[in-house]
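The block underneath contains the structure these notes are about, expressed in structure tokens.
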Amino acid sequence: MRLRLPAKHCTDHEAVIGSSAVVPAYAGSPLLGGLPGLARALATSEPPIEAVVKSAADALNVFELEAIARSRIPPAHWGYLATGSDGETTLHANQEAFSRYQLKVRRMVDVSQIDMSVTLFGEKFSSPIVLCPVGSQRAFHEEGEVAVARAARARNQLQMLSTVTSTSVEDVAQARGDTGLWYQLYTTHSFENTQKIVKRAEAAGCPVVAVTVDLPIGRNTENDRRLARQDYRMCSTCHGPNGLNPPKPMLEGLDMKDFLLTNPTHTWDFVKRLKDITSMKVLVKGLESGEDAALAVSSGADGIVVSNHGGRAAETGRASLECLPEVVEAVGGRIPVLFDGGVRRGTDVFKALALGANAVGIGRPYVWGLGAFGQEGVERTIEILETEFRLAMGACGTTSVAAITREAIIDTRT
């Protein structure tokens with residue numbers, strides 16, 4: 001074999017032999033000649049992730065599912081999933097914010113019976129983990145939103161369906177069952193369009209609509225476009241009439257003249273207009289300040305989702321988790337507050353609940369599971385996070401979600 005220069009993932013102390021095995025550069029040093037066992041150990045590399053994670057059950061954490069998914073999802077589609085806005089400062093801040101809080105463990109508490117369930121608007125779910133809306137899921141797996149719905153049904157999880165779903169709300173509702181499917185709304189450029197979408201979701205059995213308000217004039221997703229440059233397939237393969245992502249089914253029958261998914265003219269009066277045309281509960285998704293939370297309550301919103309669209313809205317540099325406490329304070333328990341942004345561990349779920357969230361959403365992690373192994377991957381994602389969450393509850397002596405309070409975590413900045 002021929003020794004070549006280090007690959008981009010190697011450190012200064014590594015070299016690459018052949019095409020894949022990474023070994024320390026000092027493994028062949030004469031200083032180790034008398035220690036052949038140590039030399040062999042140093043020369044042994046980790047096997048490729050595909051060799052050890054052959055099924056969803058093999059994944060130890062969501063990051064292993066991410067690695068498998070990335071190897072299977074086309075570059076342009078991966079870019080759409082992974083990207084943040086501008087330089088992705090907010091995207092990274094979402095995850096980093098969790099490290100500022102520590103769990104306050106408690107001992108000698110009877111934790112033999114732990115209840116992770118939550119009830120939202122009269123529906124009971126197995127845990128506070130919510131499958132947040134992600135568009136175009138057939139870009140990641142051929143069964144897309146239907147596979148996610150089946151996983152949500154199997155695990156009794158709340159699923160929120162995107163307006164730009166690649167599967168109709170009717171088909172997803174059928175796969176999910178009678179309950180547990182909420183609808184995320186992009187308002188489009190006309191109220192007539194909005195009304196048609198809302199009525200269709202309501203007729204399909206969705207009890208809640210979450211109107212997204214964090215993209216009034218769009219966004220700048222550089223990494224999305226950067227990765228698209230690496231994808232040499234014909235776009236029509238996916239986006240043509242017979243591709244995996246044909247025109248979005250929820251946009252059928254709408255006025256497409258000068259079409260926009262969002263409307264930059266909307267004010268808080270829109271909440272009342274929406275409530276006037278539907279019996280569904282109306283949530284406002286994408287709030288990041290206490291001021292807006294108070295306005296949402298006074299405008300008649302039934303709930304709030306604290307979110308910066310996974311770092312894909314305004315590039316503020318402020319983590320979604322940092323916004324949560326002031327929103328919770330402004331709401332004062334009058335309506336439920338859901339949260340999403342950067343959740344990768346069950347301990348992240350615990351920390352968000354301790355800061356006042358009633359439920360905690362995930363987006364990219366369950367889509368990693370979907371892209372890696374379809375329905376089984378989604379179920380495994382939920383199982384991993386719930387196992388980690390349950391362990392955190394036990395360590396902190398909290399036997400129910402209601403028992404998780406601000407006293408259960410420590411802010412390292414104070």
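Remarks
- Of the residues Val172, Val118, Val111, Val148, the single one that is within 30 Å of Gly394 (Cα to Cα), out of contact with any Lys or Arg (no Cβ under 9 Å at 6 or more places or on another chain) and of a type in the set (Val, Ile, Thr) is Val111.
- Within region 360-383, the set of residues being surrounded by fewer than 23 Cβ atoms within 10 Å (Cβ to Cβ), in contact with a helix residue (DSSP H, G or I) (Cβ under 6 Å, 6 or more places away or on another chain) and part of a helix (DSSP H, G or I) comprises Gln375, Glu376.
- When residues of region 393-403 are limited to those that are over 24 Å from the mean Cα position of the chain (by Cα) and small (Gly, Ala, Ser), the one surrounded by the most Cβ atoms within 10 Å (Cβ to Cβ): Ala395
- Only listed residue being surrounded by fewer than 20 Cβ atoms within 10 Å (Cβ to Cβ) and without any contact (Cβ under 8 Å) to a residue 60 or more places away in the chain, chosen from Arg413, Arg406, Arg390: Arg406
- Residue within region 117-125 that is in contact with a helix residue (DSSP H, G or I) (Cβ under 8 Å, 6 or more places away or on another chain) and either surrounded by fewer than 15 Cβ atoms within 10 Å (Cβ to Cβ) or within 19 Å of Gly286 (Cα to Cα) (or both) present: yes
- Some residue of region 308-316 being assigned to a loop (DSSP other than H, G, I, E, B), free of Cβ contacts under 8 Å to residues at least 60 places away in the same chain and closer than 24 Å to Gly341 by Cβ: no
- The one condition in (1) over 22 Å from Lys281 (Cα atoms); (2) part of a loop (DSSP other than H, G, I, E, B) that Ala357 fails to fulfil: (1)
- Residue in region 101-110 that is closer than 21 Å to Thr381 by Cβ, modelled with pLDDT of 95 or more and hydroxyl-bearing (Ser, Thr, Tyr) present: no
- Residue within region 2-11 that is at pLDDT 90 or above and of a type in the set (Gly, Ala, Ser) present: no
- First in region 325-338 and assigned by TED's automatic domain parsing to the domain that holds Lys351, second anywhere and of a type in the set (Ser, Thr, Tyr) and at pLDDT 95 or above, Cβ under 8 Å, 6 or more apart: Glu326/Ser289; Val327/Ser289
The values are calculated or read from the model by the stated rules, or taken from the named source; none is laboratory data. Everything quoted here is computed from the prediction, not taken from an experiment. All Cβ positions, even for glycine, are placed from backbone atoms using ideal geometry, and neighbour counts span all protein chains on display.
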